[in-house]
Amino acid sequence: MYMTPLRMAALRLYLTTFGRFAWFGRLLKRIAVRRMIRKASEPHVPSARFFTPDQLKESGK
Amino acid sequence: MGVFQVGVFQVGSFQVGRVQVGRFPGGNGILPVKKTKVFCMLLPEAQSFYLRQGLAIAERVLGLGDRDPASPTFGCFDRYYWHYKALDFPNARAQEIGHYLAVLYANCFEGNRYAGEPMILKWAEAAVRFWSQIQNRDGSFNEWWPGERSFCATSFSTYAAVETVRILGLTPPMQAFDRAAEWLCKNNNPAVGNQVAASALALRAVADLLGEEFPARKAEERVRGLLDQQDPAGFFPEYGGGDVGYQSLTVSLLAAYRTKAPGEAIASALRKAVEFLDRRLCEDGTFDYKACSRQTQFFYLSGLVRMREMNLLLRHWNGCRAGTALLPSWMDDRYCFQLGTDYLIAGLED
């Protein structure tokens, strides 16, 4: 799922209202971790998917 | 190009003989990996390479920071916040650059024009000051969204801030350290081993700097919890599985912790952790990151250098020679300096 202006606005609205309370912040994090890491077919890892030379071979297949 | 030399080769703590040492290509990938069974490496040469790679990102990293003392965001190293204004809050992890600058400032080595430079000291100090300014009221910090209260950002940035203060002998922002330590004592994220290790190290560092006992006890507890979670295969959990990149980071963090609080339990856990890396890291320094739980491609070195794990370092070194090992400069603005700092520490380790 990619961010769109509408989604971003909705997220910011949540963060500036409910998100100010720790419980809602933790809820959002749990949902994000579940959707983007635990249940994702390809887990999202911020510090990953950098270029490595072996990928040149993969793209040439 | 370098001439072949003769040196002593070491495996773990055992010296196994005199071997020929190959060329030192600078990691530009122009030489093939030496595919012989004879391992060739001298640690000082590798450390010189680590230092050069750590230093290579210095100008880029300095450019990420607001260096104008008159600016309200002086000391902020999240360029996307203070300069581009593309974000509405600063990422606390960017302030870890203070640690990177402190290491550069405090250590004179070949090519390091920043050692002893007063402006570097000033910017590192400003990084810590800005870090304390963006702290949430409960002591936590944000990385990805406002009000996030990130365990990861609080752990890593607190440790970096304490190290910056310690290395440079700065006046510590007592309230910020106290509040961060208090928040870390109350919160944990046992599913992610590297973050737990970072939180323990941060708590221990705060305890040592401020002379407080409680955070040190909590750090011990946290390390014990992490060691209990270690899989029989040697890995620390990263969302349920082992991950070579994060394992190398956790080893670096625990090895740093061990220098502050030695113990047989942690030494034994580190040995098992290294055995996991030993099974995953190929002779050419690569590893199947796609089979890892987090698929990270980086490899942290300072723990292995501290532990003198020459066998693993040699394999990584082969990757550097072949240009396949991921270096700090290959990473983006958000992540290059953490690995860069680790490379500097690995290069400076006695």
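The values are calculated or read from the model by the stated rules, or taken from the named source; none is laboratory data. Since the structure is predicted, the reported quantities are computational estimates derived from the model, not experimental observations. Ideal geometry is used to build each Cβ from the backbone, glycine not excepted, and the neighbour counts take in all protein chains shown. The accessibility values were calculated without ligands, DNA or RNA, using every heavy atom of the protein model including side chains. Shrake-Rupley method; radii C 1.70, N 1.55, O 1.52, S 1.80 Å.
Side notes on the structure shown:
- Restricting attention to the stretch B:113-151, the residues that are over 20 Å from residue B:199 (Cα atoms), modelled with pLDDT of 95 or more and not in a helix (DSSP H, G or I) total 5.
- Filtering the stretch B:93-118 to residues that are free of Cβ contacts under 8 Å to residues at least 60 places away in the same chain and in contact with a Lys or Arg (Cβ under 8 Å, 6 or more places away or on another chain) leaves nothing.
- Restricting attention to the stretch B:33-44, the residues being modelled with pLDDT of 90 or more and over 20 Å from the mean Cα position of the chain (by Cα) number 0.
- The set of residues in the stretch A:30-53 that are more than 7 Å from chain B (Cβ to nearest Cβ) and of a type in the set (D, E, K, R) comprises A:30, A:34, A:35, A:39, A:42, A:49.
- Selection within the stretch B:124-180 - within 18 Å of the chain's Cα centre (by Cα), over 15 Å from residue B:102 (Cβ atoms) and among the small types (Gly, Ala, Ser): B:153, B:155
- The set of residues in the stretch B:326-350 that are part of a loop (DSSP other than H, G, I, E, B) and at the interface with another protein chain (Cβ under 9 Å from one of its Cβ atoms) comprises B:326, B:331, B:332, B:334, B:335.
- Checking the stretch B:135-144 against the condition returns a match, with at least one residue being within 14 Å of chain A (Cβ to nearest Cβ), in contact with a Ser or Thr (Cβ under 9 Å, 6 or more places away or on another chain) and surrounded by fewer than 20 Cβ atoms within 10 Å (Cβ to Cβ).
- Any hit, the stretch B:270-286, residues being under 26 Å from residue B:61 (Cβ atoms) and outside any strand (DSSP E or B): yes
- Residue within the stretch B:214-226 that is touching a Gly at 6+ places or on another chain (Cβ under 8 Å), surrounded by fewer than 24 Cβ atoms within 10 Å (Cβ to Cβ) and charged (D, E, K, R) present: no
- Being closer than 25 Å to residue B:136 by Cα and within 14 Å of another protein chain (Cβ to nearest Cβ) is a description that applies to residue B:186.
- Residues of the stretch B:164-183 that are part of a helix (DSSP H, G or I) and touching a residue at least 40 places away in the same chain (Cβ under 8 Å): B:164, B:165, B:166, B:167, B:168, B:175, B:176, B:179, B:180, B:181, B:182, B:183.
- Counting only residues that are surrounded by fewer than 21 Cβ atoms within 10 Å (Cβ to Cβ) and over 16 Å from residue B:63 (Cβ atoms), the stretch B:87-116 holds 12 of them.
- In the set (1) hydrophobic (A, V, I, L, M, F, W, C); (2) touching a Pro at 6+ places or on another chain (Cβ under 9 Å); (3) at pLDDT below 95, residue B:298 fails one condition alone, (3).
- Residues within the stretch B:184-209 that are touching a residue at least 12 places away in the same chain (Cβ under 8 Å) and open to solvent by 10 Å² or more (accessible area, probe 1.4 Å), tallied: 10
- For the stretch B:77-132, filtering for residues that are over 28 Å from residue B:179 (Cα atoms), of a type in the set (Ser, Thr, Tyr) and touching a helix residue (DSSP H, G or I) at 6+ places or on another chain (Cβ under 6 Å) leaves 1.
- The single condition from (1) more than 12 Å from chain A (Cβ to nearest Cβ); (2) closer than 18 Å to residue B:279 by Cβ that residue B:319 fails is (1).
- Scan of the stretch B:259-284 for residues that are away from every other protein chain (no Cβ under 11 Å) and touching a Lys or Arg at 6+ places or on another chain (Cβ under 8 Å), ordered by number: B:259, B:260, B:261, B:265, B:266, B:267, B:270, B:281, B:282, B:283
- Of the residues A:27, A:15, the single one that is at pLDDT 90 or above, at the interface with chain B (Cβ under 8 Å from one of its Cβ atoms) and over 30 Å from residue B:319 (Cβ atoms) is A:15.
- Scanning the stretch B:301-332 for residues that are under 14 Å from the mean Cα position of the chain (by Cα) and open to solvent by 20 Å² or more (accessible area, probe 1.4 Å) returns a single hit, B:306.
- Qualifying position, being away from chain A (no Cβ under 11 Å), under 15 Å from residue B:326 (Cα atoms) and among the small types (Gly, Ala, Ser), among B:248, B:252: B:248
- Test for residue B:296: is it within 14 Å of chain A (Cβ to nearest Cβ), open to solvent by 40 Å² or more (accessible area, probe 1.4 Å) and either in a helix (DSSP H, G or I) or not small (Gly, Ala, Ser) (or both): no
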